[in-house]
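Comments concern the structure below.
The values are calculated or read from the model by the stated rules, or taken from the named source; none is laboratory data. The model shown is predicted, which means the values in this text are computed figures rather than measured ones. Cβ placement follows ideal geometry from the backbone for every residue including glycine, while neighbour counts extend to all protein chains displayed. Heads up: the accessible areas ignore ligands, DNA and RNA and are worked out on the full protein's heavy atoms, side chains in. Shrake-Rupley method; radii C 1.70, N 1.55, O 1.52, S 1.80 Å.
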Amino acid sequence: MPRAHRTVLWLLVACSSAFLLFQLYYFRNFSKPGPHILSRTGHLTASDVQWQTVKTFLALARRFGLPLFLADTAALTLLSHDALRQRDQLVREPHCSFLCTGRPITAFALHANLWKYEAGFLLAAEQKGFEVMELRGDDPRLASLDTLSGNQIPLHFLLRLHSYIIQVVFLYERSGNYLWHGALRLKSDMDRSFAPFKLLDYGRHAGAYNRPELVLTVLDGLDVRVPRNVSRFLSEQKHARFLECRHRDARNFLQLYPDDSSPEAVDFRRKVKSLLHLAARTLAPLNIPFWLSSGTCLGWFRQCSVISYSRDVDIGIFIADFRSDIIAAFRNAGLSLKHKFGKVEDSLELSFLSEDVKLDIFFFYEDGDTVWNGGTQARSGRKFKYSFPPFSLCWAELLELKVRVPCETLDYVTANYGAMWSVPVRSWDWKSSPSNVQQNGVWPVSEWAELIQVY
């Protein structure tokens, strides 16, 4: 080979080696902050920057033992059972298929009870170039009628790198055997431009979740835990809003109207707790959502407990969720049917008995801009109608049970009990006392045998 050719060849080899060393240098320093980043694909893309940001964060999380799982709704929506089964083939794909969603945020959830808080994690994140915002709030698990101020606990971490945000939402175990996260509230001295807060999946309000079963998988070449049942988790996330009991107002109420601590009242609260838990266990397999209604809802809203002199438990169910096997399900659970009034098309009401406590189930009908449930007087066949403004459902906790309540609780309670709902009324006539009751005709005598059944 001529000397000139060899010289050219050696120059090409030297240049190629120098270029490879240059690439390696930038790749090894990829996670450092700065505008000039060489991507995995050889050119800078938004997906590459987001992937590297997530990779850097997950490496830190593994180092400090954070029990995380992917909770980002956009990323989870991209997942399917087929994608999970094919994860081994996806591991070596050079592109970012799941974690790069086109949004500037990736959300993870942290099981707070499984991690001992370590301030060194945030310090290490800053050393890696992340800007950090930690948001704290009162611990509701320590709040009670006697102790209103709890310790401050971490609720959210926001970590920013290369204009991308990693959100870490803390999930805490509550006494009702569910997971809870707090709302994200900025203090006056915090930077409101730190993140696109309106785009965050979590923090607009507090949320409650069942404990998800997790599976370790590989997404875009990164080890990530995800909920095994992605669809169920996403469905829960859409309806996760949680309302905390109003402890301060309940304390003020009980100072004016001391709680009944007699053995009979204590026993009644025990029976109500047992009955509510039984109702939840019975309706869950039927996929029938219910909420606290009437006096049971008033007790939660007004005094964070049950009204001891009410002598029953009231729940509501939308008629659209009615199933014909609901009576058999409660009978199989050990309850006896006390009465069945009305029909599916109009004013359906069921009442079951457990020991000496009734479980009244009122079915609600949506009619334009109102929602109503019906009532029937057995001896006369007279019908009654109770109208409410439209409402959505939120989670709450009563007697160590995660239960639903109307999100617009004040409007709901005021409609039923009037502006003086905060004043106890022991003498109550369901046909005339409610503020929203109106007469609604009479059942035809020829249909009484079918529509008015008392056992």
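Odds and ends about this structure:
- For T414, solvent-accessible area (1.4 Å; no DNA, RNA or ligand), Å²: 50 Å²
- Three-way shape call for segment 352-391 based on the alpha-carbon gyration tensor, with the a/c threshold at 1.5: oblate
- Think of it as helices only: each DSSP H run of n ≥ 4 in the chain is worth -39500 (n - 2.57), and spread over all residues that comes to -9000 deg cm²/dmol at 222 nm.
- With a 1.4 Å probe rolled over the protein heavy atoms of all chains, the accessible area of E447, E400 falls in the order E400, E447, largest first.
- Of all DSSP-defined beta bridges confined to the chain, some 80% are antiparallel rather than parallel.
- Surface accessible to a 1.4 Å probe, L114 within the full protein complex, Å²: 120 Å²
- Listed by number, the DSSP H helices of the chain that run 24 Å or longer by alpha-carbon position along their axis and have mean Kyte hydropathy of at least 0.0 are 3-28.
- Nearest-10 value in Å² for the accessible area of V454, using the 1.4 Å probe: 100 Å²
- A 1.4 Å probe over all protein chains sorts R141, R225, R174 by accessible area into R225, R141, R174, starting with the largest.
- Calculated FRET value between L142 and S262, using beta carbons and R₀ = 25 Å, to 0.05: 0.35
- Top positive-direction residue, dipole computed over the chain with Cβ charges, set L179, V272, F322: L179
- Set of aspartates and glutamates near K358 by C-alpha distance (under 19 Å), chain-local residues within fewer than 8 positions excluded: E264, D267, D312, D314, E349, D429
- Averaged per residue, the chain has 51 square angstrom of accessible surface, using a 1.4 angstrom probe with ligands and nucleic acids left out.
- Leading residue at positive end of dipole, the chain (Cβ point charges), from L68, G374, V425: L68
- Cα gyration tensor, segment 310-425 - rounded (a/c under 1.5), prolate or oblate: rounded
- At an R0 of 35 angstrom, the distance between the Cβ atoms of H205 and V442 translates into a FRET efficiency of 0.20.
- Charged side chains reduced to their Cβ positions (Lys and Arg at +1, Asp and Glu at -1) give the chain a dipole of some 1380 debye around its Cα centre.
- The residues H111, H239, sorted by heavy-atom accessible surface at 1.4 Å with ligands and nucleic acids left out, run H239, H111 from largest to smallest.
- When the square roots of the Cα gyration tensor eigenvalues are ordered a ≥ b ≥ c, the ratio a/c for segment 197-339 is 1.5 or more and a/b does not exceed b/c, which makes its shape oblate.
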